[in-house]
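Let me begin by presenting the structure, written as structure tokens, before commenting on it.
The values are calculated or read from the model by the stated rules, or taken from the named source; none is laboratory data. Everything numeric in this text was worked out from a predicted model, so none of it was measured. Every residue, glycine among them, receives a Cβ derived from its backbone with ideal geometry; neighbour counts consider all protein chains shown.
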Amino acid sequence: MLDYHVHTEYSIDCKIPMAVQCEAAVAAGVTEIAFCDHLDHEPSDPGYGYYRPEAFFASIAECRERFGDRLVVLAGVEADFNERIADDVARFLSHHEFDFVIGSVHYGEAGQIIFQDYFDDREWDDVYLPYLRRLKLAASSGLFDTLGHIDLPKRYAPQAKRTYDPVRYKDGLQELFEILIRERMSFEINTSGLRQSPKTSMPGPAIVRWYVEAGGTLITTGTDSHAPQHIGSGIPQTLDMLELCGIDSVSSFRNRERTQRSIASLRPSATVTTGA
Ligand SMILES: [Zn+2]
Ligand SMILES: [Zn+2]
């Protein structure tokens with residue numbers, strides 16, 4: 001199993017040491033883990049200025065030393081993105097050697113982070129159409145290996161505005177897929193939605209199916225875990241979902257080079273049944 005979206009104490013919203021996450025990954029049957037702490041360049045973000053690359057890379061080296069015989073430990077990052085900070089993100093990435101880079105849009109207008117209250121005076125179209133526009137900019141920026149949680153607003157939509165109909169945004173998603181396919185870039189299946197209010201992955205199967213119909217084949221899988229008990233969670237179901245949608249492999253990375261791994265090879269090994 002590949003869990004390519006895990007947070008540690010180097011994210012402002014996580015207190016868990018990397019080694020604890022590695023232990024949990026081994027116990028959960030994860031074979032490759034990409035630590036992707038938040039890299040926030042938007043001054044309004046609570047995580048602005050929090051990221052410490054030297055400490056992060058030192059911790060990666062320690063975990064490789066300690067767990068390397070059981071677990072592939074990858075240096076990833078979840079880089080925030082919008083049009084105001086694109087140059088800052090590019091500059092940062094050009095100075096650090098990651099294995100894997102997620103580009104995530106967490107912001108709406110004027111650098112405001114999309115949480116529940118962002119929906120107070122907005123309808124779905126007001127939130128998601130600009131969100132899609134930023135995803136397209138991220139996809140064409142050439143900065144990232146995969147796009148994070150491409151329908152994130154559904155996680156934060158309040159109950160009264162919960163109705164999220166991806167069909168309404170199919171045209172915009174098709175445009176996004178065209179860019180992704182042209183750039184040979186992926187998006188992730190973020191399983192945190194399964195544990196939280198949407199009760200479906202981000203994105204869910206309808207969107208994956210449209211991507212496949214458009215000719216897309218490149219997907220990454222990640223739990224967005226901020227707690228050790230969530231590492232690997234929802235990944236086996238996601239592999240089933242991907243196969244049903246027509247995807248037969250998942251992307252793996254080293255030094256930002258992509259290779260495809262067959263889903264059959266990524267399933268947790270079958271349990272051996274002993275005689276009665
Ligand atoms: Zn995120
Ligand atoms: Zn995350």
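Scanning segment 138-147 for residues that are under 17 Å from the mean Cα position of the chain (by Cα) and assigned to a helix (DSSP H, G or I) yields a count of 2.
Can you pull out every residue in segment 86-110 that is surrounded by fewer than 22 Cβ atoms within 10 Å (Cβ to Cβ) and under 17 Å from Cys36 (Cα atoms)? Talk me through it step by step, then tell me what you get.
Of the residues in segment 86-110, the ones surrounded by fewer than 22 Cβ atoms within 10 Å (Cβ to Cβ) are 86-88, 90-97, 108-110.
Answer for segment 86-110, where residues must be surrounded by fewer than 22 Cβ atoms within 10 Å (Cβ to Cβ) and under 17 Å from Cys36 (Cα atoms): Ala90, Phe92, Leu93, Ser94, His95, His96, Glu97.
Which ones in segment 13-31 are buried (at least 22 other Cβ atoms within 10 Å of the Cβ) and of a type outside the set (A, V, I, L, M, F, W, C)? The one that is buried (at least 22 other Cβ atoms within 10 Å of the Cβ) and of a type outside the set (A, V, I, L, M, F, W, C): Gln21.
Table: residues versus (1) touching a residue at least 60 places away in the same chain (Cβ under 8 Å); (2) part of a strand (DSSP E or B).
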site	(1), (2)
Cys14	yes, no
Ala25	yes, no
Cys36	yes, yes
Asp45	yes, no
Gly49	no, no
Ala61	no, no
Asp69	no, no
Gly76	yes, yes
Val89	no, no
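Quick check: anything in segment 46-63 closer than 16 Å to His226 by Cβ, surrounded by 18 or more Cβ atoms within 10 Å (Cβ to Cβ) and aromatic (Phe, Trp, Tyr)? Within segment 46-63, one or more residues are closer than 16 Å to His226 by Cβ, surrounded by 18 or more Cβ atoms within 10 Å (Cβ to Cβ) and aromatic (Phe, Trp, Tyr).
Take the conditions at pLDDT 95 or above and part of a strand (DSSP E or B) and apply them to Glu65. Does it pass? Step through it out loud before you land on a result.
Values: at pLDDT 95 or above: yes; part of a strand (DSSP E or B): no.
For Glu65, the condition - at pLDDT 95 or above and part of a strand (DSSP E or B) - is not met.
For segment 112-121, a residue qualifies if it is crowded, with 17+ Cβ neighbours inside 10 Å and either of a type outside the set (A, V, I, L, M, F, W, C) or assigned to a helix (DSSP H, G or I) (or both), and the qualifying residues are Tyr118, Phe119.
Every residue, every condition in (1) among the aromatic types (Phe, Trp, Tyr); (2) in contact with a Gly (Cβ under 7 Å, 6 or more places away or on another chain); (3) away from ligand 2 (no atom under 16 Å from the Cβ); (4) at pLDDT 95 or above, yes or no:
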residue	(1), (2), (3), (4)
Val77	no, no, no, yes
Val89	no, no, no, yes
Ser94	no, no, yes, yes
Gly103	no, yes, no, yes
Gln112	no, no, yes, no
Asp117	no, no, yes, no
Asp120	no, no, yes, no
Ala139	no, no, yes, yes
Asp145	no, no, no, yes
